[in-house]
């Protein structure tokens with residue numbers, strides 16, 4: 001539990017630190033991750049080159065640097081919850097898409113990705129009085145897992161682990177909750193093949209399957225930081241087609257979002273490890 005207590009103390013420091021101290025802390029952690037540890041830089045560059053072939057090395061390096069900057073800041077904002085969440089400037093686009101889906105009383109499957117400030121997206125929806133159920137991988141470190149879960153309890157009604165009992169997911173939809181599924185990571189052998197940046201990619205199909213079984217609508221959501229404003233956008237996903245068609249729809253929406261602001265995507269995952277070799 002050492003990590004848990006470290007994060008608690010670090011969070012207390014960040015919540016009480018003046019702005020200049022917060023900025024210095026951010027710069028130190030960014031420099032440590034990017035310049036010293038060079039954490040997952042090889043994976044980031046491979047992903048960028050596969051996704052955006054034909055760009056020059058300067059472009060790849062610039063996007064990678066911006067990506068590290070972006071997620072360092074977002075992580076510190078999350079750790080210091082609620083200090084920087086309570087002052088967010090949020091703009092909604094097509095919020096009526098979510099409202100209409102929710103009015104059907106079948107629950108809503110909210111498909112997202114590891115793009116942008118996704119925890120701030122969930123926080124903003126909770127402020128609109130939506131009840132959210134999140135699904136995530138369990139952290140390898142139990143102390144970090146408990147700490148992150150405690151923060152998300154402030155804006156999520158339930159938090160479930162991937163690979164858990166599917167009945168819990170169904171119960172969430174029965175309660176007319178918004179079930180959040182981040183569906184952009186590699187799904188290994190269980191995945192559906194979908195084109196993602198032109199690559200046949202093993203893709204999570206849980207959202208499509210649950211929609212078919214429970215008649216629940218699917219809505220794609222993204223959050224993009226533009227200057228200091230966070231714009232949240234919703235897109236209706238047509239769930240009348242096959243599982244493969246639905247998966248391709250939301251995968252395409254994820255790609256379209258990333259293309260506009262690639263520096264705000266979490267390129268650190270080995271997205272194509274099932275179909276390509278990372279060297």
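Derivation of every value follows stated rules applied to the coordinates shown; laboratory data play no part. Since the model is a prediction, treat every value here as computed from it, not as a measurement. FYI the Cβ positions are ideal-geometry reconstructions off the backbone, even for glycines, and counts take in every protein chain you see.
From Cα pairs below 8 angstrom and at least 6 apart in sequence, can you work out the relative contact order of segment 1-139, rounded to a whole percent?
24
Could you rank the peptides 95-104, 241-250 by their average count of other C-beta atoms within 10 Å per residue, with the highest value first?
The densest-packed peptide leads the list: 241-250, 95-104.
Where in segment 114-137 does the label zone of residue 269 land, with the point 7 angstrom along Cα→C-beta and an amide N cut-off under 19 Å?
114-123, 133-137
If you count the DSSP beta bridges with both ends in segment 82-199, what percent of them are antiparallel, to the nearest 5?
10
Would you mind estimating how fast segment 187-230 diffuses translationally, via Stokes-Einstein at 20 °C and 1.002 mPa s with the Kirkwood radius over Cα pairs, in µm²/s?
Stokes-Einstein gives a translational diffusion coefficient of 167 µm²/s.
Taking N as the number of residues in segment 2-79, what is its Cα Rg relative to 2.2 N^0.38 Å?
Computed over Cα atoms of segment 2-79, the ratio equals 1.32.
For segment 2-79, what is the relative contact order in percent, using Cα pairs closer than 8 Å and at least 6 residues apart in sequence?
Taking the mean separation of contacting Cα pairs over the length of segment 2-79, I get 42 percent.
Once both labels are modelled 7 Å past Cα along the beta-carbon direction, what's the residue 171-residue 23 spacing in nm?
Each label point lies 7 Å from its Cα, and together they span 4.8 nm.
Go through 203-215, 64-76, 141-153 and give me the packing order, highest mean Cβ count within 10 Å leading.
The densest-packed peptide leads the list: 203-215, 64-76, 141-153.
With r as the distance between the Cβ atoms of residue 153 and residue 61 and R0 = 41 Å, compute the FRET efficiency 1/(1 + (r/R0)^6) and round to 0.05.
0.60
Could you give the length gained on full extension between residue 238 and residue 49, defined as 0.36 nm per residue of separation minus the Cα-Cα distance, in nm?
The residue 238-residue 49 span can extend by a further 64.9 nm.
Can you give the extra length, in nm with one decimal, that the chain gains between residue 88 and residue 9 once fully stretched, where that is 0.36 nm per residue apart less the Cα-Cα distance?
That pair, residue 88 and residue 9, stretches by 26.1 nm at full extension.
Using Cα-Cα distances under 8 Å and only pairs 6 or more residues apart, what relative contact order does segment 90-264 have, in percent?
32
In what order do 126, 222 fall by count of nearby beta-carbon atoms within 10 Å, going from fewest to most?
126, 222
Taking 45 Å as R0, compute the FRET efficiency from the Cβ-Cβ separation of residue 106 and residue 16 and round it to 0.05.
Computed FRET efficiency for residue 106 and residue 16: 0.55.
Which semi-axis lengths, in whole Å and largest first, follow from the square roots of five times the eigenvalues of the Cα gyration tensor of segment 90-264?
Equivalent-ellipsoid dimensions as semi-axes: 21, 20, 19 Å.
Among 36, 174, 235, which comes first, second and so on when ranked by fewest other beta-carbon atoms within 10 Å?
36, 174, 235
Taking all pairs of distinct Cα atoms, average 1/r, flip it, and tell me the Kirkwood hydrodynamic radius of segment 135-237 in Å to one decimal place.
When all Cα pairs of segment 135-237 are included, the Kirkwood radius is 15.8 Å.
How many nm separate the modelled label positions at residue 277 and residue 228, each set 7 Å beyond the Cα in the direction of the Cβ?
5.0
What is the distance in Å between the Cα centres of segment 257-279 and segment 179-209?
Result: 13 Å between the Cα centres.
Highest mean first, how do 54-60, 175-181 rank when packing is the count of other Cβ atoms within 10 Å averaged over residues?
Those peptides, ordered most packed to least, come out 175-181, 54-60.
Note the per residue figure in Å³ for the convex hull of the C-alpha positions in segment 192-278.
99
No solvent, one uniform scatterer per C-alpha: report log10 I(q)/I(0) for segment 57-191 via the Debye equation at q = 0.10, 0.18 1/Å, two decimals.
-0.39, -1.19
Counting only DSSP beta bridges with both residues in the chain, what percent are antiparallel, rounded to the nearest 5?
Just about 45 percent of them are antiparallel.
So if each residue of separation counts as 0.36 nm, and I subtract the Cα-Cα distance between residue 2 and residue 260, what length gain in nm does that give?
Extra length from residue 2 to residue 260 when fully extended: 88.9 nm.
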